[in-house]
Amino acid sequence: QQVRDHLLLNFTSLDHFRESDVPVIVRGDGCYVVESTGHRLIDGLSGLFCSNLGHGHGDEIGAAAHRQLAELAFVPTWYLAHPSAARFAARLAEHAEPLGLDRVFLTSGGGEAVEAAWKLVRQWHAANGEPQRRKAICRRLAYHGTSLGALSFTGLPGTRHPFEPLPVPTAFVQATNAYRHPLGSDEAAYTRALLDEVEAVIQWEGPDQVAMVLAEPVQNSGGSFMPPAGYWAGLREICDRHGILLVADETITAFGRLGHWFGSSRFDARPDLITFAKGATAAHAPLGGVLMGPRVAEPFTSGAVMYMHGLTFSGHPLSTAIGNAALDVYERESVLANVLALEPHLKRGLDELRRIPLVGDVRGGGFFWAVELVRDRDTRETFDSAEADWLLRQVLSERFHDLGLLCRLDDRGDPVIQLSPPLVADVAVLDRIVDIVGTGLEEAWAAWSAR
């Protein structure tokens, strides 16, 4: 009742709960969460792509939090510093060393990190004699945050339109959706087409006007769009040729989601900056940030320019102490190795779902997957909005819940089931996820066929 009377939920139509209660999660247990009714569900979305270590390390990480609060509750990182933030930054720099990134600015989350990166980019260009670079290139359907700067880069019309005009002029190119592209089956030609579009948009906007190209290594919104071979190398070449900074938004893909500390490493991407959040503390506290290399950091670290940005809780002692404790678990328990070892097993299981006529595409990597649903598999015809709403919210959502799975059913693009389990999941948990999704889809196909 307190939820119904007093709590405004994120991106949630309260219409859904006029005749039913809001589900309340009261406990976590490994890769499971438990509702107030006692119903257990696999946390098949890792909360919101962030509970990377599941729900089994609360005592250890809580003890680290207690030690920090007993020693120092707060000091800002404006003109001071403290050991937890310094240690966390140094450890991140060590993991990002293969990408040539060694300097960190800390935030409270991913949207703030994207805002912070944009300000760094703008100031960097101004410091290098090009203050006219005020434009960004991003991808359609991509989500980069909801504050007005980050929303400028978000390619979701329904999310943008209520708040337009937005402050940053942004042009959009297509996402790396091979399933929906006419050249998708020819990887080399497909890569060339994507990069030609990026080049054409830059030429249209003015090569000396564009400050930043921003993209996720694997795009989340729309359903785990994987980049084709050569795509990130091509972005790097284009940005270098035009003097543009390349930013990888790794709010989701960092900290092992794709089996690497940073998803950029999987695709041999060489971004100038990386934004991160979510997995930084494995969701035990809010924490995000921006990683950059010496070239981008130089105007600020040399003292030539002061970075004109700050947040009260940037590098909060509690959050960074928790971040250090989470890194301890990642490293000690070989969490990233678990993802790489089990990725082929999870892929095989999800590929078996192609037996169900509703399944058009299965795509992803690591523990970051999407199953796209289609009206007609031969023509790849998608569902209209009413049909997608019926399929996702009236059929699959309730059935998955009853069978014991939390995941995301999303139709901001074509309708998809998004699966992103904790990185500590074992074969039994992964198999159960696939079984539940398969059962739900078989029943949904029967219901659809009977309409």
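Just so you know, all these numbers are worked out from the coordinates, no wet-lab data involved. From a predicted model like this one, the values you see are computed outputs, not experimental measurements. We place every Cβ from the backbone using ideal geometry, glycine too, and count neighbours over all the protein chains shown.
Given the convex hull of the Cα atoms of the stretch 62-332, what is a quarter of its surface area in nm²? Numbers along the way, then the final one.
Numbers: hull surface 57.5 nm².
Taking a quarter of the hull surface, the average projection is 14.4 nm².
A straight line joining the Cα centroids of the stretch 359-437 and the stretch 8-83 runs 23 Å. In units of the rule-of-thumb radius 2.2 N^0.38 Å, the stretch 281-349 shows an alpha carbon radius of gyration of 1.61. Go through the stretch 41-53 residue by residue and turn each phi into a ³J(HN,Hα) via Karplus (6.51, -1.76, 1.60, θ = phi - 60°); whole Hz please, and just put x for glycine and proline. So the J values, rounded to whole Hz, are 9, 5, 7, x, 10, 6, x, 9, 6, 9, 7, 5, 9.
For the stretch 14-150, taking Cα atoms only, Rg and Dmax work out to 20.4, 61 Å respectively.
Measuring nothing but how far apart in sequence close Cα pairs (under 8 Å, 6+ apart) lie, relative to its length, the chain scores a relative contact order of 21 percent. DSSP bridge analysis restricted to the chain gives an antiparallel fraction near 65%, rounded to the nearest 5. Sorted ascending by nearby beta carbons within 10 Å, beginning with the fewest, PHE313, PHE11 become PHE11, PHE313.
Put a dot 7 Å past the Cα of ASP384, heading toward its Cβ, do the same for ALA93, and the two dots end up 5.8 nm apart. Taken about its Cα centre, the stretch 314-451 carries a charge dipole of about 100 debye when Lys and Arg each add +1 at the Cβ and Asp and Glu each add -1 at the Cβ. Taking each residue as 0.36 nm, the span from LEU403 to SER449 lengthens on full extension beyond its C-alpha to C-alpha distance by 14.4 nm.
Please report LEU214, LEU48 as a ranked list, fewest other C-beta atoms within 10 angstrom at the top and most at the bottom. Each step should come with its number before you reach the end.
Details: LEU214 26, LEU48 12.
Least to most surrounded, the residues fall as LEU48, LEU214.
Note on PHE255, PHE163: ascending count of other Cβ atoms within 10 Å places them as PHE163, PHE255, the fewest first. Coupling constants for the stretch 264-280 follow from the phi torsions by the Karplus curve (6.51 cos²θ - 1.76 cosθ + 1.60, θ = phi - 60°), and in residue order they are 4, 5, 5, 10, 6, 6, 10, x, 6, 9, 10, 9, 9, 5, 5, x, 4 Hz; glycine and proline get x. Taken over the Cα atoms of the stretch 125-194, the convex hull encloses 114 Å³ per residue. Overall shape of the stretch 130-169 was characterised from the C-alpha gyration tensor. The equivalent ellipsoid obtained from it has semi-axes of 18, 11, 8 Å, in decreasing order. In the calculated pair-distance distribution of the stretch 282-431, the portion above 23 angstrom amounts to 57 percent of the Cα-Cα pairs.
Under 5 Å from the amide H of GLY288 lie the amide H atoms of THR107, SER108, GLY109, each residue being 5 or more positions distant or on a separate chain, with H modelled from the backbone and absent for Pro and chain starts. Around the Cα centre of the stretch 62-332, unit charges on the Cβ atoms of Lys, Arg, Asp and Glu (plus for the first two, minus for the last two) sum to a dipole of about 400 debye.
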